[in-house]
Amino acid sequence: MFDAIAGRYDFMNHFLSLGIDVWWRKKAIALFKKEHPRHLLDVATGTGDMALLAARLLQPEKITGIDLSEKMLQIGRKKVEAYTGKTTIELLSGDSETINFANDTFDGVMVAFGVRNFENLKQGLAEIKRVLKPGARLVVLEFSKPKGRLTKALYHFYMARVAPGMAQLFRQNKKAYQYLNASAVAFPDRAAFVQILNDTGYSDTSFKSLSLGICCIYTARKPKHT
């Protein structure tokens with residue numbers, strides 16, 4: 001499905017969110033600033049937007065991105081080739097539930113709009129925790145369901161009707177965008193996701209709502225002593 005929409009995925013993301021997704025990503029990446037990570041992992045990296053933005057804002061030594069969609073990665077690699085900064089960026093084929101790195105490898109892990117697509121959410125989060133260094137941070141950026149009655153109604157109308165319709169107008173896969181909405185609606189957001197993080201063994205868990213509750217940033221740490 002993601003291979004099918006890879007060609008205009010970046011454009012559609014920015015268009016359908018009116019560019020707000022870039023601000024959301026910047027807010028999430030900023031949580032790493034004080035920690036000066038040397039090696040970051042970007043899970044469900046897609047076309048590498050999050051990895052490239054983190055490289056510009058944080059300038060770590062290396063960012064590794066993993067994703068299951070080879071066509072997304074191909075587009076991302078072309079973008080990486082055009083990147084002229086100091087950070088080494090590597091985009092690899094990889095599954096969040098079987099990350100091909102040793103224990104305690106990364107100084108931080110980020111996931112932007114990807115955890116709702118994990119086949120087994122707890123297993124993916126446990127695998128991320130395994131490759132994090134003790135005390136290192138996980139930052140998750142994900143859609144959430146607004147609480148206000150009017151905002152909720154407008155959000156559901158936009159996501160269920162407008163976004164798939166616009167996707168079809170731009171000759172994109174309408175069913176893919178309907179799936180993206182359905183997966184966002186089904187995702188256990190806010191306190192429910194924080195509880196899943198706690199159950200998976202993370203510490204210092206919290207969330208912050210953005211843009212009237214349309215999106216949330218979640219943060220957690222791998223305990224220093226396990």
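When F207 is tested against (1) within 18 Å of K27 (Cα to Cα); (2) out of contact with any helix residue (DSSP H, G or I) (no Cβ under 8 Å at 6 or more places or on another chain); (3) modelled with pLDDT of 95 or more, just one condition goes unmet, and that condition is (2). Inspection of segment 156-169 finds a residue satisfying the criterion of being touching a strand residue (DSSP E or B) at 6+ places or on another chain (Cβ under 9 Å) and either modelled with pLDDT of 80 or more or farther than 27 Å from N100 by Cα (or both). Search segment 184-203 for residues being outside any loop (DSSP other than H, G, I, E, B) and at pLDDT below 95, and hand back the single one that is surrounded by the most Cβ atoms within 10 Å (Cβ to Cβ). Ranking the candidates gives A184 first.
Checking each residue in segment 37-78 for being of a type in the set (K, R) and at pLDDT 95 or above picks out R38, R56, K62, R77, K78.
The values are calculated or read from the model by the stated rules, or taken from the named source; none is laboratory data. Predicted, not measured: the structure shown is a model, and the values here were computed from it. Cβ atoms come from the backbone with ideal geometry, glycine included; neighbour counts cover every protein chain shown.
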